Every structure is written in C-alpha cells, then in structure tokens.
Amino acid sequence: MKGSQSSHSYVLNKPTKIEFHKLRILILDAPNNSNVKLYLHEMLDFGVTYLVRTCETNYDDSAIIEENIAIKELIFNDGEPPSDEIVAEWLKLVKEVVASNGSVAVHCVAGLGRAPVLACIALVEYGMHPLDAICFVRERRKGAINRKQLEFLKSYKKRKNTGSCMRFCPVM
C-alpha cells in the first residue's frame, strides 16, 4: 500500500479492564519495541503499579521501569494452567497491589490465555464464583481461556489464607 508504514506502532488487542470491588487488573497482549509506549500510556491511565509477565519478554522495559511500574515475571507454559507456586506469587502480589489501592497489568503473548487465567484466579480470591469469573473475563476479552485452562478454573477453589503460613504450618 502506498504511504503505509511498516512500523507496528499500535496496540493489537485493546487492553481489557477488570474491576471488581478493590481489585483492578489490566489484561494485555505482549508489547513490542515499537508499541511499548502505547501500552505504557494504557497502564498509566489505569493506575498500574505492577506489570506481570507470563511469557518471555521481547521488548525493552526501561520506559516502564522509569515510570515506577515494577515488573514481575511469572512465566508458565502457553495453553497451560499455572503451577501452585505461580498462583501463590500472583496472589501475594495482587494482595499487595490492592492494599496500596493500585492496579496490576498482566500480559501473555496474545492476552487470551495465561493473563486471563490469572485474572480469573484473582476474581475468585476476591469473592467471585469460578464460573462467574470466567464469564466476567470472557465478556470483556473475547476468545479468552482455552479448554484446559477452563477446566482448571472451574475446579479452582479459593485459598483459605493467601500470603501466610496457614497452608504449610505443621502446628495448627
């Protein structure tokens, strides 16, 4: 096309805002070097204080860090549910962000699998039934969550006490 630019300086999938009580999550697909500033703008507009990556990075994150957005990598396999360790780290971070009245952004490659799964887990922890959480996310992010992840989420149970030793303490 005449006059078209080959630069990919746009956001492929519109970021999805998930808000439930004090919980605020922004689901994204993965930025790249040509559009990371557009994603940064979306994160700043939503009050993001933490960015969680669930996949390998392919962009320079220095502009994000310069805006005082902390970055946490919680990488797990595409198309799969997260491990217990990933869930525990995610919930610890979400609890911290909610306590500070911030919001968290989470991305995977396309923003349709790993990131929405983590958002659903947080919704369940903050009081939503698993099926309601799945519908809540899917209504806002079309095509989110594959069959394997769906089965995982349908059977996900709210943890009794996130962020403490209750689950592991031998003396109770």
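The values are calculated or read from the model by the stated rules, or taken from the named source; none is laboratory data. Computed from a predicted model, the values in this text were never measured in an experiment. For neighbour counting, all protein chains shown are included, and Cβ atoms are generated from backbone atoms with ideal geometry for every residue, glycine included.
Got a number for residues in the stretch 73-130 being assigned to a loop (DSSP other than H, G, I, E, B) and either under 20 Å from E42 (Cβ atoms) or touching a residue at least 40 places away in the same chain (Cβ under 8 Å) (or both)?
Counting residues in the stretch 73-130 that are assigned to a loop (DSSP other than H, G, I, E, B) and either under 20 Å from E42 (Cβ atoms) or touching a residue at least 40 places away in the same chain (Cβ under 8 Å) (or both) gives 16.
Would you pick out the residues in the stretch 9-23 that are part of a loop (DSSP other than H, G, I, E, B), at pLDDT 90 or above and under 14 Å from K142 (Cα atoms)? Quick ask: steps written out before the conclusion?
From the stretch 9-23, those part of a loop (DSSP other than H, G, I, E, B) are 9-15, 21-22; that's our starting set.
Adding the requirement that they be at pLDDT 90 or above leaves 15, 21-22.
Selection gives P15 alone.
Just checking, which of I64, I121, I134, I71 is of a type outside the set (G, A, S), more than 27 Å from L150 (Cβ to Cβ) and crowded, with 19+ Cβ neighbours inside 10 Å?
The unique qualifying residue is I64.
So that you can scan it fast, the table gives a plain yes or no per residue for (1) farther than 17 Å from R114 by Cβ; (2) part of a loop (DSSP other than H, G, I, E, B); (3) in contact with a Gly (Cβ under 9 Å, 6 or more places away or on another chain):
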{"position": "I25", "(1), (2), (3)": "no, no, no"}
{"position": "N33", "(1), (2), (3)": "yes, yes, no"}
{"position": "K37", "(1), (2), (3)": "yes, no, no"}
{"position": "E42", "(1), (2), (3)": "yes, no, no"}
{"position": "T49", "(1), (2), (3)": "yes, no, yes"}
{"position": "V52", "(1), (2), (3)": "no, no, no"}
{"position": "T57", "(1), (2), (3)": "no, yes, no"}
{"position": "D60", "(1), (2), (3)": "yes, yes, no"}
{"position": "A63", "(1), (2), (3)": "yes, no, no"}
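So how many residues does the stretch 131-143 have that are without any contact (Cβ under 8 Å) to a residue 60 or more places away in the chain, under 17 Å from L26 (Cα atoms) and out of contact with any Cys (no Cβ under 7 Å at 6 or more places or on another chain)?
5
Among F46, F76, which is surrounded by 13 or more Cβ atoms within 10 Å (Cβ to Cβ) and either basic (K, R) or over 13 Å from the mean Cα position of the chain (by Cα) (or both)?
F46
Could you check, for the stretch 136-147, whether at least one of its residues is of a type in the set (G, A, S), assigned to a helix (DSSP H, G or I) and on the phi < 0 side of the Ramachandran plot?
There is no residue in the stretch 136-147 that is of a type in the set (G, A, S), assigned to a helix (DSSP H, G or I) and on the phi < 0 side of the Ramachandran plot.
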